[in-house]
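To start, the structure under review is shown below, and the notes come after it.
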Amino acid sequence: MAVKKFVVGCFDDEAVLFPAVKKVRTAGYKIHDVYTPFPVHGLDHALGLRETSLHTAGFIYGITGTTTALSFMSWVFTSDWPMNIGGKPHFPLPAFIPITFELTVLFAAVGMVLTFCYLCQLAPFVKKHVFHPRQTDDLFVMAIEISEKANAEEAKAFLTSVGAKEINEQTAETGWWIGRFDKVETFYSKAVTA
């Protein structure tokens, strides 16, 4: 696992956080993520996140369900077990519509949930690093990734200037398989109060 260094700034108001995100991006710092206790309208646009393509994946899963339903029923009623019931044709498409619809919805729903969990790295066995214990309670937490080009002390000073109330420096593993549940993790270290 790659261990990266972060400077974490805590804000107590979304009115301070929103302009801070824009200023941090304009200054050239790489924002790892922003954690908020409730959805902040327009924050994804301010962070520069692209629109999700989850709806395209849902369409592909739905078409797969439709194709699976029609192919299986066609094979059963024309090749595997053809039955002539009251002169009914071997391929009665109107009778296939309800089952086709249900399988389309099932494939799209299950596929989109699994894709969402994969993209957001959500699973019962994945332990994510918590940058601050109050990040989903009442604080807005911004994690800035520190690379070779960025200086941690300059990033701390910049976060202080844009209104961060608490600033600290942390190291965390990044990637899909993060952390173990048998290790006790310290939430933050080297706290600096602005």
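Here are some notes:
- Relative contact order, percent, the chain [alpha-carbon distance under 8 Å, six or more residues apart]: 45 percent
- Charge tally in the Cβ shell below 14 Å around ASP12, where Lys, Arg are +1 and Asp, Glu are -1, ASP12 excluded: -3
- Net charge contributed by nearby residues that have their C-beta within less than 13 Å of LEU43 (K/R +1, D/E -1): -1
- FRET efficiency estimate (nearest 0.05) - Cβ-Cβ, VAL105 to THR52, R0 22 angstrom: 0.65
- Along segment 71-76 the Karplus relation, 6.51 cos²θ - 1.76 cosθ + 1.60 evaluated at θ = phi - 60°, assigns HN-Hα couplings of 5, 5, 5, 5, 5, 5 Hz to successive residues, with x for each Gly and Pro.
- The computed Cα extents along the principal axes in Å for the structure shown corresponds, within (1) 83, 37, 31; (2) 66, 33, 31; (3) 53, 36, 27, to (1).
- Whole-Hz couplings from phi, Karplus 6.51/-1.76/1.60, listed for segment 85-93; x for Gly and Pro: 10, x, x, 5, x, 6, 10, x, 4
- Each Lys and Arg Cβ is given +1 and each Asp and Glu Cβ -1; about its Cα centre, the chain then shows a dipole of about 300 debye.
- Per-residue ³J(HN,Hα) for segment 125-138, Karplus 6.51 cos²θ - 1.76 cosθ + 1.60, θ = phi - 60°, Hz, x for Gly and Pro: 9, 9, 10, 8, 6, 9, 6, 8, x, 9, 5, 10, 9, 8
- Max mean-square fluctuation residue, GNM over the chain, Cα-Cα springs under 10 Å, options ASP44, ASP80, ASP33: ASP80
No lab work stands behind these numbers, since they all come straight from the coordinates. Everything numeric here is computed off the predicted structure, so don't read it as measured data. No Cβ is skipped: glycine too gets one built from the backbone with ideal geometry, and neighbour counts run over all protein chains shown.
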